[in-house]
Amino acid sequence: MGPTDEELVAAFQDGDASAFDELVRRWDRKIHGAIYRVVGSDEDTRDLCQEAFLKAYRGLGTFKREARFSSWLYQIAINVCRDRLRRRRGRIAVSLDDVEETRDGGLRTAAPSPLELVEARDLRHLVEEAMATLSAEEREVVILKEYQELTFPEIAETLEVPLSTVKTRLYRGLAQLRHRLERQGVRGVAPLPAPIP
Amino acid sequence: MGCEEFRDRMLDVLYGEADTASARAWEVHEQECAACRDEVRALRRLRRDLGAWTVAARAGTAGGGAAARHARAWLPLAAGVVMGLAATFVVAGSQQRVDSLAAALRAQDERHRAEIEALKATIGQDRPGGGAILEDVRRLIRESEARQAVVLDASLRGLAERSDAQRRDDMAQVSAGLSYLEGRTGLQVARTTELMGHVLQASQKK
């Protein structure tokens, strides 16, 4: 078992610059996924991912180890997304035409049938559209909970809001998603994701 | 306690974060309340649907993305052709040809699966570890540090120049001040000498 994030942070703060490389390797995919889901564009995601890690590099020397590194990193990622969306002031635009991953970032293990591919693509599109109708605050919470699989306290720490606010935003977000998807005839049709080896 | 008060517990249960007491309380409520029971079932279904929103590969893995797109484009087509051919031969009733075709199809299917696995492996090699992003971040850091070094150098040069100018200005002021003091002192001496002369003359006249 390798060093924990906190140990890598400590190593970096003690002058071991390679510890940061390991943190990037460890978190790149998850941060990429979170940013993509918040901003909904490949091009923006790449820029923002770089920006987030650059900010992390700049701030890591003075990072207080009272908070979890992951929460701190997600906080940076969410903030760069907010800045970008604020500047863009546009709707979320999502490309559907790319490689598939499961919600935790792993690749699917079983080759889907043609019908499954078509259905999954349609459903994915519907889910993306539904997510784009949420407020930014609700979307952030749903993404951090549903796709990044943070715990409620971790989300509260990341977004710097009370636990009750996290749950309220999540509940509202889920209720809206449910309402919208059910109106479009989607009622739990997605197969369970394949296990990751 | 009404359903509203159970909402947080329901979310805790839904995401597996409820402690034993909360989980038990929710269980009791769920048995009594059909609306909440339906709601939590609907939310479980919703969570499955949300899993369909998969993440696109980043631009840095364009090769893998293009390959995967290509794979996705021909996979349904190939599968359709395969199924169509198989159906045709079954209807024709030629068992031997069907067996032979089935073997060919199995081989083709295995080949396709192997190609897909190879593609996944390629994509998997490109993506994890963030080779591209790591390089980009390193480059950005290097560029940023180089920019900062230039700015720092320029700032230090400016600071030195300003400090030198300030020093020269201070020296000039001190010099002017000394000259002024010297002038004042000389004047005072002259006046004192003149006064003493007057006093001397006055005392001699007496």
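The values are calculated or read from the model by the stated rules, or taken from the named source; none is laboratory data. It should be emphasised that the depicted structure is a prediction, and the values quoted were computed from it without experimental measurement. Cβ atoms come from the backbone with ideal geometry, glycine included; neighbour counts cover every protein chain shown.
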Only one of A:Gly90, A:Gly106 is at the interface with chain B (Cβ under 10 Å from one of its Cβ atoms) and at pLDDT below 55; which? A:Gly106
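Checking the condition more than 12 Å from the chain's Cα centre (by Cα) and more than 10 Å from every other protein chain (Cβ to nearest Cβ), which residue from A:Val80, A:Val24, A:Val39 passes?
A:Val80 is the lone residue from the list that is more than 12 Å from the chain's Cα centre (by Cα) and more than 10 Å from every other protein chain (Cβ to nearest Cβ).
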Which residue, of B:Ala52, B:Ala68, is more than 30 Å from A:Val141 (Cα to Cα) and either facing chain A (nearest Cβ under 9 Å) or at pLDDT below 70 (or both)? B:Ala68
So, first residue free of Cβ contacts under 8 Å to residues at least 12 places away in the same chain and within 14 Å of chain A (Cβ to nearest Cβ) in segment B:24-47, second residue crowded, with 18+ Cβ neighbours inside 10 Å and among the aliphatic types (A, V, I, L, M), Cβ within less than 8 Å, six or more apart or across chains; the pairs are B:Leu46/A:Leu174; B:Leu46/A:Leu177; B:Leu46/A:Leu181
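Residue-by-condition table, conditions (1) surrounded by fewer than 21 Cβ atoms within 10 Å (Cβ to Cβ); (2) more than 9 Å from chain B (Cβ to nearest Cβ); (3) farther than 22 Å from A:Glu66 by Cβ:
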site: A:Leu134; (1), (2), (3): no, yes, yes
site: A:Glu137; (1), (2), (3): yes, yes, yes
site: A:Val142; (1), (2), (3): no, no, yes
site: A:Thr158; (1), (2), (3): no, yes, no
site: A:Val161; (1), (2), (3): yes, yes, no
site: A:Thr165; (1), (2), (3): yes, yes, no
site: A:Thr168; (1), (2), (3): yes, no, yes
What pairs come up if the first residue lies in segment B:136-153 and is at negative phi, the second is part of a helix (DSSP H, G or I) and hydroxyl-bearing (Ser, Thr, Tyr), and their beta carbons are under 6 Å apart, counting only those six or more places apart or on different chains? B:Ile141/A:Tyr57
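Has segment A:38-59 got at least one residue that is in a helix (DSSP H, G or I) and over 21 Å from B:Arg138 (Cα atoms)? First the steps, then the outcome.
Within segment A:38-59, the subset in a helix (DSSP H, G or I) is A:38-39, A:42-59.
Within this subset, residues satisfying the condition of being over 21 Å from B:Arg138 (Cα atoms) are A:38-39.
Checked against the condition, which is being in a helix (DSSP H, G or I) and over 21 Å from B:Arg138 (Cα atoms), segment A:38-59 yields at least one hit.
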Screening B:Glu161, B:Glu194, B:Glu143 for residues that are surrounded by 10 or more Cβ atoms within 10 Å (Cβ to Cβ), part of a helix (DSSP H, G or I) and within 38 Å of the chain's Cα centre (by Cα) leaves only B:Glu143
